[in-house]
Amino acid sequence: MKKRVLLVLFLLLLPYAQAWSWDQYEGTTAWDVTVTVDEKDCGGKVYSHSNTLTITHKKSVADLTDLGHGPVSGTFFSNILTVQGRTIPDGSGTSALGSASVAFAPDCLSFYTKYPWRYHDSYQDCSGTTAWQGRRTDSTTCPDAFVVDAPAQPRLPLPQVMRTADEIKALPAEEQKVEYGKVLEKNPRDFQSNYAIGHILKDEKNYSGFVKHIDKALENKNYAEKLRKERQAEVKERLGFTIDPTTAKVPLLRKIQGELDTVPNPMIYDFNVLKTPDTRSWYDKWREYWSRPIDDLVRK
Amino acid sequence: MKTRILLMLGILLLLVACKGQQPVTSVCDSKDCFIAKANNCEDININVTEEFGSVNYASKGCVFTKTVLSMNDTEEMRKLFEGKTLSCIYEQSRFDRRWVDSLVFGIEYCEGELKDRIVDMLAFL
């Protein structure tokens, strides 16, 4: 009898424990991507074009074929792929591309992101945005590898209708804020909702809200640790470090650490940040305060 | 008639002299001097030996540029940082002195490979 109860409990809990996430997948996927570029500020217009995209997944690292600015690599954290900002040669000038957080839908069939950029040459200095809307073309389900790992389970009704953070990410910003707010009402410490709403507020130049939510997200020590390790691995690979850069080995790191340790009144985006006595979480926070929209480059 | 020709020659000479003039670039030998002139959007350029290496600070037309010239660091770090720049656009009298006093603070308003590298390094703290 006891065994039966345990079995029922196991079956009940299994679907919730086996949530799909791209950061566990290895293989390739194919997509059709509509790329929409807004060049109005540069004297152009808004235009779209379609591209095919192949993503090579290596768990948390993903390599994307060219969508217009050359092939790129990114880092998956759950179902969000982060592509770091970079500066590229563009015509007779350069374009500084902002970092992109690509939100993949939980059904594995679509993704969306919009990132800012700033173009500069000897004649003009202007900014715009590029959006990617991706549709999966090689399958209508999540990759088979996942199905093998998690055989079909009896589908049980969810206890309540609550969108996941990944589903919310695909909505317009205003709706996202409402939906994340609902999640945070139930669980104020929810990492993904705090992290995502923080970045929406940052796009809206609400820096106090941005810092507040990033700080709250990073109270989840496990996520903060995971995020740090993934960023370290990504940077180490991208920059080709043969050693793990540490403060003991790298003088510049000691200089940066010294600044973070001794600054009396730290500010970012003209917002005063409260320093924490715990240096580990202080460094974690400061690291996550970065990716910012390029529109903010002109200091007002 | 003679006066007219002399007047025209005078104007011509004045025009040629004006055309030959270049914008004046200020000279400084301290960070404070640099900051004051940059804050006023004057063209200014200075090389400074910092704790981590040698840096060029330049400002022209309210655009500040920081370039790492050389570093006292590992070979890998030197390859990653030497020659890298970051640029910050500002309005007159809004120069942020942290751009020359600090490596990290204030660069949220800047762009460039040097900034990207510094942000990358934060991952290793």
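Some values worked out for this structure:
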| quantity | calculated |
| --- | --- |
| Label-point separation in nm, B:VAL63 to A:ASP90, each point 7 Å along Cα→Cβ | 1.4 |
| Lysines with Cα under 25 Å of A:LYS186, excluding same-chain neighbours fewer than 8 positions away | A:LYS169, A:LYS177, A:LYS202, A:LYS212, A:LYS216, A:LYS221, A:LYS226, A:LYS285 |
| For B:ILE46, net neighbour charge (Lys/Arg +1, Asp/Glu -1) across residues whose Cβ lies under 14 Å away | -1 |
| Whole-angstrom gap from region B:106-120 to region A:50-127, using each part's C-alpha centre | 18 |
| Two-site label geometry, A:LYS212 and A:VAL178: point separation in nm, points 7 Å out along Cα→Cβ | 2.1 |
| For region A:209-275: rounded, prolate or oblate by the Cα gyration tensor [a/c cutoff 1.5] | oblate |
| Computed E for A:ASP63/B:LYS31 - FRET, C-beta separation, R0 41 angstrom, nearest 0.05 | 0.40 |
| Percentage relative contact order, region A:168-288, counting C-alpha pairs under 8 Å, at least six apart | 18 |
| Part-to-part distance (alpha-carbon centres) for region B:72-88 and region A:211-233, which is given in Å | 27 |
| Solvent accessible area, Å² - A:LYS114, 1.4 Å probe, full protein context | 120 |
| Backbone N within region A:64-91 under 12 Å of label point (7 Å from A:THR28 Cα along the Cβ vector) | A:64-65 |
| Cα-based reach from B:LYS37 at 28 Å (exclusive), listing lysines while leaving out same-chain residues under 8 positions away | A:LYS255, A:LYS300, B:LYS19, B:LYS60, B:LYS66, B:LYS84, B:LYS115 |
| Using a Förster distance of 51 Å, the FRET efficiency for A:THR141-B:ASN56 (Cβ separation, nearest 0.05) | 0.35 |
| Residue-count net charge about A:LYS275 - beta-carbon cut-off 11 Å; Lys, Arg +1, Asp, Glu -1 | -1 |
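The values are calculated or read from the model by the stated rules, or taken from the named source; none is laboratory data. Note that the coordinates shown come from a computational prediction; the quantities given were computed from them, not determined experimentally. Neighbour counts run over all protein chains shown; Cβ positions are idealised from the backbone, glycine included. What goes into the accessible areas is simple: the full protein's heavy atoms, side chains included, and nothing from ligands, DNA or RNA. Shrake-Rupley method; radii C 1.70, N 1.55, O 1.52, S 1.80 Å.
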